[in-house]
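> I have a structure here, written as structure tokens, and I will follow up with some questions on it.
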Amino acid sequence: MQISKFATPEIIFGNQSISQIGESLSRLGARKVFLVSDPGVLDAGWAEQAIKHIKESNLDYHLWTHVTPNPKDYEVHAGAAEYRDHECNAIVGVGGGSAMDAAKAIALLGTNDGSILQYEGVDKIERPLPPMVMLPTTAGSGSEVSQFSIIVDSARKVKMAIISKSLIPDIAIIDPQTLMTKDGRLTANTGIDALTHAIESYISLAATPLTEVLSLSAMRIISQNLRPSVASQYNLEAKQAMAMASLQAGIAFSNAILGAVHAMSHQLGGLLDTPHGEVNAILLPYVLEYNYIAAPEKYRKMAEAMGENVAGLSLHDASRLMMKAVTNLTGDLQIPVTLSELGLQPEHIELLSRNAVQDVCMATNPRDMSAEDVKALFQKAM
Ligand SMILES: [Fe+2]
């Protein structure tokens, strides 16, 4: 058996757990906290609540909210300059995947020199990062527990994956109540991102028994709770379940890495600034169909996890049911079904396909994929 590693932050989970943020930072030796959030989360009042609890622990803070969806390299550089100017010594991210990924990239540059572009790829970080506490306000990205930070290289218009155990936050605080201020569309998109994390980590070449159990559990919970969570902003029970599913899928993919859906969707996000979850939802059925022959037994287990009755079915038929369960879910949530709806033009496909095979997530896809294979999948999804 090969060596496998499994890493997670300390995890604090539950309603009102946002109140633990000051105490968590104090324990990590914070003196002045750089708080990264985004305008939407600020409007919803969550940054203000975090600040209240940070002040209760007699800590100083500086609030920074200049982050956009699919965070850009220049935003990270501006944030890192402010982090240094204000002499902060700890980082908090309060928001969705974009705010948390930006916070982690700023933390990276808090103790490491140069441009964020230098750190693309695996294990390029040399010095330890400042203490980090992350509090997600969406159920999807898993950034609060992952060793990933995804940042757009604005000159090349590609999403760079920066991967290192150093990027795993020290403490993740998951308060499901924060999910009650999200609209149906964001809930659906982020929920499908979590489902994609669960599926891709499960069939990943780097999956281990520890990650597989979390991936399957996340699929089970999402199949039962994403629809009601999208249906009502106030269904706290469904929000709690989705927060747990996103957490499990996040830990699974941080350790098992992902696959072709993410390798391909990173390219679209970089080029067109498209919503990550929507692109994943469109690509997922085509990639599942392509990958099926690599792991039919696993497809049967995923069908079961998604609530399908596979008793007596052949591996082929059970796998079909699994793929149908995915398209039924995305269909019920009325997510766009073609990449052209998101603005992709046929002339983009050549370059996107070449870049997708270079993405680090492609290395763990269970079936080999050439640029030509990727191109064919993009064309099908148009
Ligand atoms: Fe994702």
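Bear in mind that the values in this text are calculations on the coordinates, not laboratory data. Note that the structure is predicted; figures quoted are calculated from it, not measured. Because the Cβ atoms are built from the backbone with ideal geometry, glycine has one as well, and the counts that use them run over all protein chains shown.
> Along the charge dipole of the chain, Cβ charges K/R +1 and D/E -1, which of Phe253, Ile21, Tyr83 sits furthest on the positive end?
Result: Phe253.
> On to the next question. Kirkwood Rh, region 183-380, all Cα pairs: how many Å?
Details: mean 1/r = 0.0601 Å⁻¹.
After inverting the mean inverse Cα-Cα distance, the result is 16.6 Å.
> With an 8 Å cut-off on Cα pairs and a minimum separation of 6 or more residues, tell me the relative contact order of region 10-178 in percent. Please report the intermediate quantities before stating the final value.
Working: 379 pairs, mean separation 47.4, N = 169.
Relative contact order here is 28 percent.
> Could you tell me the extents of region 116-230's C-alpha atoms along the three principal axes, largest first, rounded to whole Å?
Principal-axis extents of the Cα atoms in region 116-230, largest first: 43, 34, 31 Å.
> Obtain the nm distance between the two label points defined at Ser26 and Leu210 by a simple spin-label model: each point lies 7 Å from its Cα along the Cα-to-C-beta direction.
3.1
> What is the dipole size for region 183-380, taken about its Cα centre, with +1 at each Lys and Arg Cβ and -1 at each Asp and Glu Cβ, in debye to the nearest 20?
Numbers: 13 positive and 20 negative charges, 78 e Å.
Here the size comes out at about 380 debye.
> How about Lys165: which aspartates and glutamates have a C-alpha closer than 19 Å to its C-alpha, ignoring those fewer than 8 places off in the same chain?
Of all the aspartates and glutamates, those that pass the test against Lys165 - Cα under 19 Å, at least 8 places apart if same chain - are Glu10, Asp101, Asp113, Glu120, Asp123, Glu126, Glu144, Asp359.
> Averaging sequence separations of C-alpha pairs under 8 Å and six or more residues apart, then dividing by the length of the chain, give the relative contact order as a whole percent.
Once normalised by length, the contact order is 15 percent.
> For Lys380, which lysines qualify as cross-link partners when the Cα separation must be under 22 Å and same-chain residues fewer than eight apart are set aside?
Lys324
> Suppose we keep just the DSSP beta bridges with both residues in the chain; what percent of those would be antiparallel, to 5?
Numbers: 6 of 29 bridges.
Antiparallel: roughly 20 percent of the beta bridges in the chain.
> About its Cα centre, how strong a charge dipole does the chain have in debye, to the nearest 20, once Lys and Arg get +1 and Asp and Glu get -1 at the Cβ?
So the magnitude is around 460 debye.
> How many times 2.2 N^0.38 Å is the alpha carbon radius of gyration of region 14-172? Display every interim value, and only then the final one.
Details: Rg = 14.1 Å, N = 159, 2.2 N^0.38 = 15.1 Å.
Working it through for region 14-172, the quotient is 0.94.
> Here's another thing I want to ask about it. Place the peptides 119-126, 26-33 in order of packing, highest mean first, counting for every residue the other Cβ atoms within 10 Å and averaging per peptide. Please report the intermediate quantities before stating the final value.
Working: 119-126: 14.9, 26-33: 17.2.
For the peptides 119-126, 26-33, the packing ranking is 26-33, 119-126.
> Would you mind checking Lys52/Lys239; Lys157/Lys301; Lys52/Lys124; Lys124/Lys239; Lys72/Lys124 for any pair whose Cα atoms are more than 30 angstrom apart? Could the numbers behind the result be given before it?
Details: Lys52/Lys239 24 Å; Lys157/Lys301 38 Å; Lys52/Lys124 36 Å; Lys124/Lys239 36 Å; Lys72/Lys124 19 Å.
Over 30 Å apart, Cα to Cα: Lys157/Lys301; Lys52/Lys124; Lys124/Lys239.
> Mind checking which helices in the chain clear 20 Å along their axis (Cα) and have mean Kyte-Doolittle hydropathy of -1.0 or more, DSSP H runs only? Working shown, then result.
On the way: long enough: 97-111 (22 Å, 0.89); 184-203 (29 Å, 0.16); 209-231 (34 Å, 0.50); 236-256 (29 Å, 0.54); 276-291 (21 Å, 0.27); 315-332 (25 Å, -0.09).
Length and hydropathy pass: 97-111, 184-203, 209-231, 236-256, 276-291, 315-332.
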